[in-house]
Amino acid sequence: MAQPSPRHHRRDPTESAEAIIPAALPQAPPGAGRTARAQAGRWFSFWSAAAPGSRPQAPGHPAPTPWQPEPGDQRPVVILDANMLCSRTCGDWLHRLAGAIGPRLRVITTYPIALETGRVLAARDKQRAAHPLSPAGHAAVVGCFVTVIEQPAVGDDDGFTGRDPGDRHIHQAAAATGARLIVSFNKPSDFAVAPTGYTVMSPDHFLTTCSRIDDAVFASACRAEIAAAGGEGKTTVITRLRAARLPRLARRVACWTDTV
């Protein structure tokens, strides 16, 4: 039997998922939060306008760029799936934890994922009264540290062994970019049933792991979410996290005590 291509087996499959996210790196560059807020409006427009077969052309809408490694950038590459980007709660916590994630991980998504996200958000926007969105949360995440890239061209020998053909394009993007993580609510077996160069991590596992990188960033995130929740405060935040399928992060917030 032919051996799989080495490029799909770069990592020891027993490596801890947490080890992929390095903590001993500089903090976020000054002004990262202001950049995120400034770009929020136009990025939400980018997501919402991304209809099938279309490309956002309005001024200020960043176009997807071809993937290319950045010399000297040793950050592990992480791909966010649409089901995470479409989650209001995930988007809000990505935004809150940007100061810990951005400098440590090169976070990307692909144009097909952007299109899928745009379709879902646009559909929800029509039902805003029943399902309110958080445009600033989604937009700030992307505008701050998530890069949208063109779907990489991969040959027929892409090493795909997953059970969901609909996730093949994400596997191909991971293989082409050397991604170490795919963050998705989907099962790992949807992407691959054989060892690969990446780990599939749930949004709950990813966000909880990232929340442990910098205690100050996590504390700030908790205070902001509790303040935004109003009334019941912390209880509301925990309830929302559990409803969004983020039970680990919910437990971490439940155990957090503000010492300021």
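Considering only the range 236-249, how many residues are out of contact with any Lys or Arg (no Cβ under 8 Å at 6 or more places or on another chain) and either in contact (Cβ under 8 Å) with a residue 40 or more places away in the chain or not in a helix (DSSP H, G or I) (or both)?
Total satisfying the criteria: 8.
Yes/no matrix, rows are residues, columns are (1) modelled with pLDDT under 95; (2) open to solvent by less than 20 Å² (accessible area, probe 1.4 Å); (3) in a helix (DSSP H, G or I):
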{"site": "Thr161", "(1), (2), (3)": "yes, no, no"}
{"site": "His169", "(1), (2), (3)": "yes, no, yes"}
{"site": "Ala173", "(1), (2), (3)": "yes, yes, yes"}
{"site": "Ser189", "(1), (2), (3)": "yes, no, yes"}
{"site": "Asp204", "(1), (2), (3)": "no, yes, yes"}
{"site": "Cys210", "(1), (2), (3)": "yes, yes, yes"}
Point to revise | the range 146-186, residues that are more than 21 Å from Ile21 (Cβ to Cβ) and among the charged types (D, E, K, R) | key: Glu150, Asp156, Asp157, Asp158, Arg163, Asp164, Asp167, Arg168
**Study point:** Boolean, Thr147 is hydroxyl-bearing (Ser, Thr, Tyr), touching a Lys or Arg at 6+ places or on another chain (Cβ under 8 Å) and open to solvent by 20 Å² or more (accessible area, probe 1.4 Å)
**Key:** yes
Practice item. Keeping to the range 226-235, report how many residues are open to solvent by less than 30 Å² (accessible area, probe 1.4 Å) and in a helix (DSSP H, G or I). Key: 1
Exercise for review: Check Arg252 against each of (1) within 20 Å of the chain's Cα centre (by Cα); (2) open to solvent by 30 Å² or more (accessible area, probe 1.4 Å); (3) farther than 18 Å from Gly91 by Cα; (4) touching a residue at least 24 places away in the same chain (Cβ under 8 Å) and name the one condition it does not meet.
Suggested key: (3)
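The values are calculated or read from the model by the stated rules, or taken from the named source; none is laboratory data. Keep in mind it's a predicted model, so treat the numbers as computed, not measured. So basically every Cβ, Gly included, is an ideal-geometry build from the backbone, and we count neighbours across all protein chains shown. Accessible surface is based on the protein model in full, side chains and every heavy atom, while ligands, DNA and RNA are left aside. Shrake-Rupley method; radii C 1.70, N 1.55, O 1.52, S 1.80 Å.
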